[in-house]
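Read the structure below first, then the notes.
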Amino acid sequence: MAKFYGIGVGPGDPELLTIKAAKILKEIDVLILPESRSGKENIAYEIAADHINSAAKLISMEFPMVTDKKIIDQAGKMAAEVVERNVLAGLNTAFITLGDPSTYSTYHYILKHLSRDVQVETVPGITSFSAAAAQTNRSLVEGDEILSIIPATSSKDLMEKALEATKSAVFMKVYNQKIRYGTY
């Protein structure tokens, strides 16, 4: 039975792609490539390229980087239709995403729209904040400390509340964001 795989390709270094992700990518029949806008370089693809089955059909699908949840949800619905069509035709199909598919990923917009007839496997990837901590030889948290993961797109109030509850914080979604609220 064919499957749908959501694969995290890690933070950018192709050597940080997991062995499991590389193995699955060599065996897939169809690969869905997320694009933030048509024609833009696909970083997830560049990371995973050496491991992708050369016979796999590549399908680029636009996932606009917008705050309107209806637009993002519609893109997920369209991608889910493509996934279902391929998986139900017996083709192992994958979607690749930067970092980990469970952390601020468009992958979950696809999952929300899949029928229960589609078998799914999520393959975790190394997150950017784990890679950054490793590169600097620093611990993110120790003992009973709390780590907060905060989207830089949050309001000032939400950011301040999250920072009050923790000593360690990671800001995500900082691409083209200006943290306007001072130094944290």
**Fill in**
For M1, the lone unmet condition from (1) open to solvent by 30 Å² or more (accessible area, probe 1.4 Å); (2) of a type in the set (A, V, I, L, M); (3) within 19 Å of H108 (Cβ to Cβ) is (3)
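Per-residue answers, yes or no, for (1) within 23 Å of D68 (Cα to Cα); (2) modelled with pLDDT under 90:
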| site | (1), (2) |
| --- | --- |
| T103 | yes, no |
| Q119 | no, no |
| G143 | no, no |
| L158 | yes, yes |
**Item:** Residue that is nearest to the chain's Cα centre (by Cα), among those in the stretch 1-17 that are of a type outside the set (A, V, I, L, M, F, W, C) and not in a strand (DSSP E or B)
**Value:** P11
**Prompt:** How do the pairs read when you match residues in the stretch 96-125 that are closer than 22 Å to A49 by Cα with residues anywhere that are modelled with pLDDT of 95 or more and loosely packed, with under 15 Cβ neighbours inside 10 Å, using Cβ under 7 Å and keeping only pairs 6 or more apart or on different chains?
**Reply:** V123/K20
**Pairs, first open to solvent by less than 70 Å² (accessible area, probe 1.4 Å) in the stretch 128-144, second among the aromatic types (F, W, Y) and assigned to a helix (DSSP H, G or I), C-beta under 8 Å, six or more apart** = L140/F129
**Asked** If we scan the stretch 40-60, do we find a residue that is touching a helix residue (DSSP H, G or I) at 6+ places or on another chain (Cβ under 6 Å) and more than 19 Å from P101 (Cβ to Cβ)?
**Response** yes
**Request:** Among the candidates P124, P151, single out the residue that is open to solvent by 60 Å² or more (accessible area, probe 1.4 Å) and under 20 Å from the mean Cα position of the chain (by Cα).
**Result:** P124
**Request:** For I72, indicate whether it is under 22 Å from A131 (Cβ atoms) and either touching a helix residue (DSSP H, G or I) at 6+ places or on another chain (Cβ under 8 Å) or at pLDDT below 95 (or both).
**Result:** no
**Request:** Pull up the stretch 24-45, narrow it to residues that are of a type outside the set (A, V, I, L, M) and either touching a residue at least 40 places away in the same chain (Cβ under 8 Å) or in contact with a Pro (Cβ under 8 Å, 6 or more places away or on another chain) (or both), then point me to the one that is surrounded by the most Cβ atoms within 10 Å (Cβ to Cβ).
**Result:** P34
**Prompt:** In this structure, does K69 turn out to be under 17 Å from the mean Cα position of the chain (by Cα), of a type in the set (D, E, K, R), closer than 30 Å to S168 by Cα and open to solvent by 60 Å² or more (accessible area, probe 1.4 Å)?
**Reply:** yes
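For every residue, the table says whether it meets (1) basic (K, R); (2) open to solvent by 20 Å² or more (accessible area, probe 1.4 Å); (3) under 16 Å from the mean Cα position of the chain (by Cα).
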position: Q74; (1), (2), (3): no, yes, no
position: R85; (1), (2), (3): yes, yes, no
position: L98; (1), (2), (3): no, yes, yes
position: T106; (1), (2), (3): no, yes, yes
position: L114; (1), (2), (3): no, yes, no
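The values are calculated or read from the model by the stated rules, or taken from the named source; none is laboratory data. Since the structure is predicted, the reported quantities are computational estimates derived from the model, not experimental observations. Positions of Cβ are generated from backbone atoms using ideal geometry, with glycine treated the same way; all protein chains shown enter the neighbour counts. Each accessible area value is taken on the protein alone, full model and side chains, heavy atoms only, with ligands, DNA and RNA left out. Shrake-Rupley method; radii C 1.70, N 1.55, O 1.52, S 1.80 Å.
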